[in-house]
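Okay, so here's the structure we're looking at.
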Amino acid sequence: MGKYFGWLSVFQGLEIGVGVFSKAWKMVLVLLIAALPAPAQVRVVKGGSAKATIDWSRLVATGGAATEFKRVLEDDLIHSGWFTPAAPGGAEFSLVGAAQESGALNATIQFASVIQRQWLLSKQYTAESGAARRLAHKVADEILAAIGRKGMFSGRIVMIGTHSGAKELYVCDMDGGNLSQITHDNNICLGPHWAPDGNRLTYTAFLKRYPDVYLIDLAARSRRVVASYPGMNSGGAISPDGTLVALILSKDGYQALYVRALNGGVPVRLTEGSRAALASPCWSPDGSHLVYVSDQASTAHPQLYVISRSGGAPRRLTSRGSQNVAPSWGANGLITYASLQGRFQVCVLDPNTLDSKVVTPGDADYEDPSWAPDGRHIICSRTAGYRSRIYLLDTLGDSPVALSEFSGDWYSPSVTAK
Amino acid sequence: MQSKRWMMLMAMGLVCVVALSGCKKKTTSGNAGDNGIGGVTGTDVNGTGLGNRPDLGATEMAGQFVPVYFDYDSAQVKESERSKVETVAEQLKKASGGGVIVEGHCDERGSREYNLSLGERRAQAVRAYLMTLSVDAARIQTKSMGKEKPVALGHDEESWAKNRRVEFVLFK
């Protein structure tokens, strides 16, 4: 309310001049406050978030896979944002254990709160040597759960990379490791988005020379068409219950947001006919609403709108920034999106209050944000000097971190829900 | 007098509302608002559905016509570009059968997914104009390539202007 008081004192000065504080003044003040521009947008103060100290000097690894396990586990605990490594003596938490490789990978983990003099996690793990990374991610999430925090390391990222010389889909872990190439189409693709089950994903590809939406099943190693109507097919956002898909289609001569059963049927149109460009539909966590991009207010100045899954009047969410695009609606109820404010910045918006905050430092173009499963971090692309890489952002103040580097451009990331 | 004071209060209030809401911009499109061909509130808003795409085996001929170019914040066919569309319409009306794919493109700036849709808007605007020139709706396909297929690779307005285009591909 601080910024409103300045205006109130100006009016009070006027009222002294007029000489009367009448009912009419009160009404005008109410009207003026109602007409004041957009809700607050706060810039996150940088300097890092609060962290607990952890001593892992007595976590010992013997053998190649065990050493990889230890390194990935330690990196995960640092990237979680909740821990910072400390020397023995004085640390709040201790991580003791041994990992060795003898055929399989065996790890004994004992994680304790030094202050409370209490073991929080004491467990033995076994995995194939080739699964050292996956085991490390699992242990990291279990350590975080032991201090009451949700981890993000079970998540996987799908993204587009030009590493092979063409645009293809790749999947990797939350630390950028375990990279694997999913498509080998040597064709144009864009907009990959995970299905809620984290085993399937949709994307838009030009396999038949037009933009069509496809569904890839990673486990079955199969791909099928989801939408190949005349004109443009894009979006491909699968609902949280896995049964519906939201699509942007132009088959009826104008672009609109449609919802249809994933496996087929007649698409139901949600938005009114208009010549606007619509893009990037994304479901709310409970499946009751969709956020999407539309330039109906001004061409080339797209904004975010929210609409009920049964249609009706859309509600505009954004006002700041000349373009607001690429929304991702997290299980935490917040929407992260890219906002053109000079450069592209990643923002986080509360759809109930419309308050938003910027979570990127403004030194490059940050785009295509996607919530990590911990509801605290965001994966996005960062483009500087026309080269793009995948970055990890923190909504609690830690600086952006680049994920592993491979040659080529990497962009349009999407993270699994869990 | 009561009514005069009331009018003065409301006038001051109005001035303040206008000053405070100055951040909200109206459309900045340079073509007489968004009411032109392909504009958001343009004619034919309800649209005429697209016919089936030509078969993958159909003969396609690109490069027969000059592309239509667009301003940055526009998906409308400028007056200066209309004759290019008229040339295509004449060609289509001479030959029966077949049709044209209207291919929309954007410059490199901004979200890929939004640019796919903006390219489709540009294609739709050209299709709408072809239809006002009496080309049958069923003969016109739209295809957007978004910002994925630039013809000019520079990172400057000269290249961007060449990439904001609609191309025509005849098919039989």
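Restricted to strands (runs of 3 or more DSSP E) entirely inside segment A:192-310, those with at least 3 residues that are within 29 Å of A:Cys172 (Cα to Cα), of a type outside the set (Phe, Trp, Tyr) and away from chain B (no Cβ under 14 Å) are A:212-217, A:222-227.
Checking A:Leu340, A:Leu270 one by one, the residue that is free of Cβ contacts under 8 Å to residues at least 40 places away in the same chain and under 24 Å from A:Leu190 (Cβ atoms) is A:Leu340 and no other. Among the residues examined, A:Arg269 does not qualify as crowded, with 23+ Cβ neighbours inside 10 Å, charged (D, E, K, R) and either in contact with a Gly (Cβ under 7 Å, 6 or more places away or on another chain) or at pLDDT 95 or above (or both).
Per-residue answers, yes or no, for (1) among the aromatic types (Phe, Trp, Tyr); (2) out of contact with any Ser or Thr (no Cβ under 9 Å at 6 or more places or on another chain); (3) closer than 30 Å to B:Tyr114 by Cα; (4) in contact (Cβ under 8 Å) with a residue 12 or more places away in the chain:
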site	(1), (2), (3), (4)
A:Arg133	no, yes, no, yes
A:His137	no, no, no, yes
A:Gly155	no, no, yes, yes
A:Ile160	no, no, yes, yes
A:Gly176	no, no, yes, yes
A:Ile182	no, yes, yes, yes
A:Asn186	no, no, yes, yes
A:His193	no, no, yes, yes
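Condition first: at pLDDT 95 or above and closer than 12 Å to B:Val166 by Cβ. Can you find one or more residues in segment B:55-65 that meet it? Yes, some residue in segment B:55-65 is at pLDDT 95 or above and closer than 12 Å to B:Val166 by Cβ.
Selection of strands (runs of 3 or more DSSP E) fully inside segment B:97-172 by the criterion of at least 1 residues being out of contact with any helix residue (DSSP H, G or I) (no Cβ under 7 Å at 6 or more places or on another chain) and of a type in the set (Asp, Glu) returns B:165-171.
Of all residues being small (Gly, Ala, Ser) and in contact with an Asp or Glu (Cβ under 9 Å, 6 or more places away or on another chain) in segment A:111-141, which is modelled with the lowest pLDDT? Just the residue, please. In this case the residue turns out to be A:Ser129.
Could you tell me which residue of segment A:311-324 is farthest from the other protein chains (Cβ to nearest Cβ), considering only residues that are assigned to a strand (DSSP E or B) and basic (Lys, Arg)? Looking at residues that are assigned to a strand (DSSP E or B) and basic (Lys, Arg), I get A:Arg315. Pairs linking a residue in segment A:356-378 that is assigned by TED's automatic domain parsing to the domain that holds A:Leu392 to a residue that is among the polar types (S, T, N, Q) and modelled with pLDDT under 95, with Cβ atoms under 6 Å and 6 or more positions apart or on different chains, are A:Ser356/A:Gln41.
Here A:Leu179, A:Leu144, A:Leu190 are screened, and the one residue that is under 17 Å from A:Pro373 (Cα atoms) and at pLDDT 95 or above is A:Leu144.
Here A:Leu403, A:Leu349, A:Leu392, A:Leu334 are screened, and the one residue that is farther than 29 Å from A:Leu77 by Cβ and away from chain B (no Cβ under 14 Å) is A:Leu349. Assess whether A:Ile188 counts as being within 14 Å of another protein chain (Cβ to nearest Cβ) and either among the acidic types (Asp, Glu) or crowded, with 23+ Cβ neighbours inside 10 Å (or both). Judged against the criteria, A:Ile188 is not a match. For the condition in contact (Cβ under 8 Å) with a residue 40 or more places away in the chain, in contact with a strand residue (DSSP E or B) (Cβ under 8 Å, 6 or more places away or on another chain), under 25 Å from A:Ala326 (Cα atoms) and surrounded by fewer than 19 Cβ atoms within 10 Å (Cβ to Cβ), B:Lys143 does not qualify.
Just to check your reading of the model, which residue among A:Tyr366, A:Tyr386 is modelled with pLDDT under 95 and over 21 Å from A:His137 (Cβ atoms)? Only one candidate qualifies: A:Tyr386. Would you confirm whether any residue within segment A:164-184 is hydrophobic (A, V, I, L, M, F, W, C), outside any loop (DSSP other than H, G, I, E, B) and more than 30 Å from A:Gly231 (Cβ to Cβ)? Within segment A:164-184, one or more residues are hydrophobic (A, V, I, L, M, F, W, C), outside any loop (DSSP other than H, G, I, E, B) and more than 30 Å from A:Gly231 (Cβ to Cβ). Please work out if A:Gly330 is more than 17 Å from A:Tyr258 (Cα to Cα) and under 19 Å from the mean Cα position of the chain (by Cα). So A:Gly330 passes the test. The criterion of being touching a Lys or Arg at 6+ places or on another chain (Cβ under 6 Å), at pLDDT 95 or above and among the hydroxyl-bearing types (Ser, Thr, Tyr) holds for B:Tyr69.
The values are calculated or read from the model by the stated rules, or taken from the named source; none is laboratory data. Given the structure is predicted, the values throughout are model-derived calculations rather than measurements. Cβ: placed from backbone, ideal geometry, glycine included. Neighbour counts: every protein chain shown.
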